[in-house]
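Each value in this text was obtained by applying a stated rule to the coordinates, not by laboratory testing. Computed from a prediction, not measured in an experiment: that's the story for all the values here. Ideal geometry is used to build each Cβ from the backbone, glycine not excepted, and the neighbour counts take in all protein chains shown.
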Amino acid sequence: MDTLATMFREEIKKAMSLTKVSTVITGENVYQEGNDDILLIIDEMVKPLMLSGSGVDGMENLEELLAKAESGKACLFLLEHYSNFDLSLFSLLVRLAGGRGGDIAKALIAIAGMKLNEDNPVVAAFASAYTRIVIYPSRSIRGLDEEKKQVEFARSNAINRAAMKALEELKTQGRLVLVFPSGTRYRPWDPSTKKGVREIDSYIRLFDYMCCVALNGEILHVQQTDMMNDVIGRDMIRITAGPVQSCTEFRDRARAAAEAAGNEDKKQAVADAIMAELDWLHTGAEEKRKKMLEEKHD
């Protein structure tokens, strides 16, 4: 059973030799440009793992969102999160799709938790392939003792203030901001990892247009140990982009529905509405993907 560490030893060595990424995040380095040399390495890792039939549905929606971004609107992708290859799959498949796929991938800025930079230097090297704004997730402070919590709270404020400043500057410059609304990879043994984080409401509030994107199929299976022990597989990967929506209208509907139901936590209601839309997209796409797999085996 191959893992990320065992299958890609040479690629890891090469990426480590090329990366210049900082493994300590401060308010001064939250914006990090992607490294095209490492992107090429990851592309060559991922391509052989995708079965024929992998591709993108709803490419016209992604291109519409890009056009809105290029007109000066703040535009947001909301992507399902299953593994540390999710961004790699999205970037590669939109580029392979043709049309304006290359422009979409180039315009992407991912919102990434600092764990990807600080927990493991190999993961940090691979993450550096993509342009990111690094944040300090609120869940990272939970469980700390009071003394440590005070120190980290001050650090998190400095990092997140800098991240929001960078986001404000870049979001109307033709860029497409990608956020994982669950805030973490889905782990089947922990149902809470499928729940949207309340902070996603703030992103919806700050943007003009959004597009929910489902990801079906899996080539990297999350394990309960170190990220480098995640198990490699081969699968048909389908990216499904839903329609472009007004962020204001989506947020207003979710908050109105919450109020009508007597739900006082309107931020969580918006996050839940995003996850419900992603689940709907995912379920429909999975039926189509399974049918495609069955036809391949006939």
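Residue 238 sits among other residues whose Cβ lies under 9 Å from its own Cβ, and their net charge, with Lys and Arg +1 and Asp and Glu -1, is 0. If you take the Cα centroid of region 256-273 and the Cα centroid of region 85-146, the two points sit 29 Å apart. Of all aspartates and glutamates in the structure, those lying under 17 Å Cα to Cα from residue 267, and not within fewer than 8 positions of it along the same chain, are 199, 201, 249, 252, 259, 277. When a/c is below 1.5 the answer is rounded, else prolate if a/b is larger than b/c, else oblate, so apply that to the chain with a ≥ b ≥ c taken from the square roots of the Cα gyration tensor eigenvalues. Rounded shape, in that the Cα axes give a/c under 1.5. Once backbone amide H atoms are built at 1.01 Å from N, residue 74 has 208, 209 as its partners under 5 Å, excluding neighbours fewer than 5 places away on the same chain. For region 1-148, the Kirkwood radius over C-alpha pairs fed into Stokes-Einstein at 10 °C and 1.306 mPa s yields D = 94 µm² per second. Between region 154-186 and region 1-59, the C-alpha centres lie 20 angstrom from each other. Highest mean packing comes first when the peptides 203-212, 124-133, 228-237 are listed by Cβ atoms within 10 Å, giving 124-133, 203-212, 228-237.
Please list 172-183, 92-103, 11-22 highest first by mean number of surrounding beta-carbon atoms within 10 Å per residue.
Working: 172-183: 21.0, 92-103: 18.0, 11-22: 16.3.
Those peptides, ordered most packed to least, come out 172-183, 92-103, 11-22.
Dividing the summed helix terms, -39500 (n - 2.57) for each DSSP H run of n ≥ 4, by the number of residues in the chain produces a 222 nm estimate of -15000 deg cm²/dmol to the nearest 500. Applying a threshold of 26 Å to the alpha-carbon distances of 14/165; 47/288; 47/106; 14/288; 115/148; 73/165 flags 14/165; 14/288 as lying beyond it.
Counting only C-alpha contacts under 8 Å and six or more residues apart, can you give the relative contact order of the chain as a whole percent? Don't skip to the answer; put the middle values down first.
Numbers: 533 pairs, mean separation 82.1, N = 298.
Contact order relative to length: 28 percent.
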